[in-house]
Amino acid sequence: MFAIIGITGQVGGEVARNLLAARHSVRAVVRDVGNGKAWAERGCDLVSADINDPAALTAAFKGVDGVFVLVPPNFDPSPDFREARAVAATLSSALDTARPGKVIYLSTIGAQATRSNLLTQYTIIEQALRKLSVPITFLRPGWFMENSSCDVAPAQNGVIQSFLQPLDKPVPMVATADIGCSAAELLQETRNGHRVVELEGPRRVTPKEIAASFASLLGHPVRVEAVPRETWESLFKSQGMKNPAPRIQMLDGFNEGWIDFEGKGVGSRKGKVALETVLRTLIERESGKKALSSAT
């Protein structure tokens, strides 16, 4: 039996599908059991627990062979990252009390960085979990290819914008399908102690290559423009962010190279899903939404 936090999302759902395909039992840990109905219909054990509720999490983690932990992302955290510190304390308490067989914590590329940025939230949680004696794998994927979902509509109009710069700089990216597959494989392994597993796609990708892939799939030219660095703060604030500094610092980290894999990609695990496959799915999904909207 494996417990999964985040099963209703893309990555957690992929983990569950891979485990079910391997004929393992899955405990779906959700905040609202109503949202987990589809997983209950697939035979999952449905348990209600919030990431900030230590008692409920402890109950959800008890008696399982492994736990997959995906903490809901916070793109606009407090300057002192108090939200991540609270989650770190709750998770640590629940895991230490429940004592599952193993834990896979979905962390991120750059969790080892010492400069403060948006990903520092993962660093805080990693540091807390490292104090536990439970076997833990810190799975650190690269930039999600699915982040390009917001580029589909602009690409259809011929121009996408990029915060990743320079536009010809290769970036470690990975598909959520590869993350889910790798997490499920790691859950099924027997291993003691703590370890870090870095994960990226078959090859690194530049923003220019993203535009070229869109062009190939859409059948018309698509170019990419760099969003000027000096406009980021006002842009993010206009989108409702109260504290855009961590996000800006994260983007600087990718662009300047101090957010990278600890081994600079040496020894990183390689996924199989290509960027083109992900973009094709995103385009088809957007087309499906438009068709549904037109029908209604």
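The values are calculated or read from the model by the stated rules, or taken from the named source; none is laboratory data. Computed from a prediction, not measured in an experiment: that's the story for all the values here. As a convention, Cβ positions derive from the backbone with ideal geometry for all residues, glycine included, and neighbour counts pool all protein chains shown. Surface areas here come from the heavy atoms of the whole protein model, side chains and all, with no ligands, DNA or RNA. Shrake-Rupley method; radii C 1.70, N 1.55, O 1.52, S 1.80 Å.
Per-residue ellipticity at 222 nm computed for the chain from its helices equals -12500 deg cm²/dmol, with DSSP H segments shorter than 4 residues left out and the rest contributing -39,500 (n - 2.57). The dipole here belongs to the chain: it is taken about the Cα centre, uses +1 on the Cβ of Lys and Arg and -1 on the Cβ of Asp and Glu, and is about 420 debye. Take every Cα pair under 8 Å whose residues are at least 6 apart in sequence, average their separation, divide by the length of the chain, and the relative contact order is 19 percent.
For the range 170-240, trypsin sites (Lys or Arg not before Pro) meeting the loop criterion (DSSP other than H, G, I, E, B) and having at most 16 other Cβ atoms within 10 Å: ARG191, ARG203, ARG204.
Shown for the chain: the carbon plus sulfur share of the solvent-accessible area, taken with all protein chains present and a 1.4 angstrom probe, equals 50%. Rounded to the nearest angstrom and listed largest first, the equivalent-ellipsoid semi-axes of the chain from its Cα gyration tensor are 32, 23, 19. Taking every lysine pair in the chain that is 8 or more places apart or spans two chains, those with Cα atoms closer than 17 Å amount to 4. If R₀ is 22 angstrom, what is the calculated FRET efficiency for the pair MET1 and ARG269, using the beta carbon separation as r and rounding to 0.05? Efficiency, from the Cβ-Cβ distance: 0.30. Looking at the chain, do any whole DSSP H helices span at least 15 angstrom along their long axis by alpha carbon and average -0.5 or above on Kyte-Doolittle, and which? Those that pass (Cα extent of 15 Å or more, hydropathy at least -0.5) are 10-21, 82-98, 176-187, 207-218, 245-256, 275-295. Full extension of the chain segment joining SER25 with LYS237 gains 71.9 nm, where the gain is 0.36 nm per residue of separation less the Cα-Cα distance. The slack in the chain from LYS208 to ARG280, taken as 0.36 nm per residue of separation less the alpha-carbon distance, amounts to 24.2 nm. Percent of C-alpha pairs per 10 Å bin in the range 25-141, short distances first: 14, 44, 33, 9, 0. Looking at the chain, the accessible area is 46 square angstrom per residue; that uses a 1.4 Å probe and ignores ligands, DNA and RNA. A Förster radius of 45 Å combined with the Cβ-Cβ distance from ALA86 to ALA215 puts the calculated FRET efficiency at roughly 0.50.
Within the chain, what is the longest stretch that has no chymotrypsin sites (Phe, Trp or Tyr not before Pro) placed in a DSSP loop and near at most 16 other beta-carbon atoms within 10 Å? Excluding the exposed sites themselves, the longest stretch runs over 76-257.
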